[in-house]
1. (1) within 24 Å of GLY52 (Cβ to Cβ); (2) within 16 Å of the ligand (Cβ to nearest atom); (3) outside any strand (DSSP E or B): which one isn't true of PRO128, the others all being true?
2. Out of curiosity, is PHE206 in a loop (DSSP other than H, G, I, E, B) and either of a type in the set (Gly, Ala, Ser) or open to solvent by 20 Å² or more (accessible area, probe 1.4 Å) (or both)?
3. Inspect segment 103-113 for any residue being assigned to a helix (DSSP H, G or I) and closer than 23 Å to ALA56 by Cα and give the result as yes or no.
4. Could you tell me which numbered condition ASP135 fails, if it satisfies all but one of (1) of a type outside the set (Gly, Ala, Ser); (2) within 18 Å of the chain's Cα centre (by Cα); (3) surrounded by fewer than 19 Cβ atoms within 10 Å (Cβ to Cβ)?
5. Note down all Cβ pairs under 6 Å where the first residue falls in segment 141-159 and is of a type in the set (Val, Ile, Thr), the second is outside any loop (DSSP other than H, G, I, E, B) and open to solvent by 40 Å² or more (accessible area, probe 1.4 Å), and they're at least six residues apart or on different chains.
6. Restricting the first residue to segment 9-31 and requiring it to be over 17 Å from VAL163 (Cα atoms) and of a type in the set (Val, Ile, Thr), which pairs with a second residue that is away from the ligand (no atom under 14 Å from the Cβ) and not in a helix (DSSP H, G or I) meet a Cβ separation below 7 Å and a spacing of at least six or different chains?
7. Of the numbered conditions (1) open to solvent by 30 Å² or more (accessible area, probe 1.4 Å); (2) within 14 Å of the ligand (Cβ to nearest atom), LYS95 fails exactly one; give the number of that condition.
8. What residue, among those in segment 142-161 that are among the hydrophobic types (A, V, I, L, M, F, W, C) and not in a helix (DSSP H, G or I), is surrounded by the fewest Cβ atoms within 10 Å (Cβ to Cβ)?
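The values are calculated or read from the model by the stated rules, or taken from the named source; none is laboratory data. Note that the coordinates shown come from a computational prediction; the quantities given were computed from them, not determined experimentally. Here the Cβ is made from the backbone with ideal geometry for all residues, glycine too, and neighbour counts use every protein chain on show. Just the protein is used for accessible areas: all its heavy atoms, side chains included, with ligands, DNA and RNA removed. Shrake-Rupley method; radii C 1.70, N 1.55, O 1.52, S 1.80 Å.
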Amino acid sequence: MKFFVDTAEIDEIRELENTGLVDGVTTNPSLINKSGRNFFEVVREISSLVDGPVSAEVASTDFDTMLKEGQKLAEIATNIAVKVPLTRAGLRTCKLLSDNGTMVNVTLCFSANQAILAAKAGARFISPFVGRLDDIANDGMDLISDICDIYANYPNFSTEVLVASVRSPMHVVEAAKIGADVATVPPSVLHQMFSHPLTDKGLADFTSDWEKTGQSIL
Ligand code: G3P
């Protein structure tokens with residue numbers, strides 16, 4: 001499973017990049033707004049910080065403008081994945097950009113029907129939002145399971161399932177059990193994934209007992 005970091009905060013990305021476990025980054029207009037930074041500057045900085053795909057989302061909703069915006073975003077760096085919304089115009093934009101070799105991440109996916117259309121439009125990634133489905137008492141993981149089952153029937157579909165709107169480490173575990181390709185995870189959830197109280201207690205006990213030996217390895 002690949003891990004992307006779902007943030008536009010440079011310091012948080014840098015800290016997690018140092019673990020060697022980060023395979024990419026996703027941003028969206030809300031995360032860019034939260035960063036308080038110039039869109040092009042922060043995306044350019046992120047794309048130089050990580051080698052993997054960095055998602056940068058178009059701002060318009062009409063085909064002509066989304067296509068122009070997507071082409072401009074793709075010029076920022078070779079690892080840019082242009083994010084477009086799962087709408088008729090967004091998929092039309094996805095098809096053209098993908099046909100011209102641009103990575104496209106189709107976002108705001110909430111149904112299996114939408115995911116099928118995104119794969120047919122040549123999306124590199126499809127981003128189903130599990131947390132927002134859970135928020136309205138739908139089971140977001142059921143959607144991930146449906147999409148993975150459907151995609152497995154069509155070897156010519158090359159779209160990777162990028163689980164988004166992740167709210168907890170359990171979302172990551174459930175997505176991995178299903179076999180999703182990628183999870184884009186808020187930094188806070190990634191930090192939670194490292195931690196377990198029994199690990200902390202066990203390490204404290206090992207450290208204490210090692211000190212009692214009076215020995216050193218170096
Ligand atoms: O960036 C796309 C997705 O991860 C947004 O998640 O928490 O705003 O539903 P959230």
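1. Just one mismatch for PRO128, condition (3).
2. no
3. Scanning segment 103-113, I find no residue that is assigned to a helix (DSSP H, G or I) and closer than 23 Å to ALA56 by Cα, so the answer is no.
4. (2)
5. Partner pairs satisfying both residue conditions: ILE144/ILE178.
6. From residues that are over 17 Å from VAL163 (Cα atoms) and of a type in the set (Val, Ile, Thr), the pairs are ILE13/VAL50.
7. With (1) open to solvent by 30 Å² or more (accessible area, probe 1.4 Å); (2) within 14 Å of the ligand (Cβ to nearest atom) applied to LYS95, the lone miss is (2).
8. If we take residues in segment 142-161 being among the hydrophobic types (A, V, I, L, M, F, W, C) and not in a helix (DSSP H, G or I), then PHE157 is surrounded by the fewest Cβ atoms within 10 Å (Cβ to Cβ).
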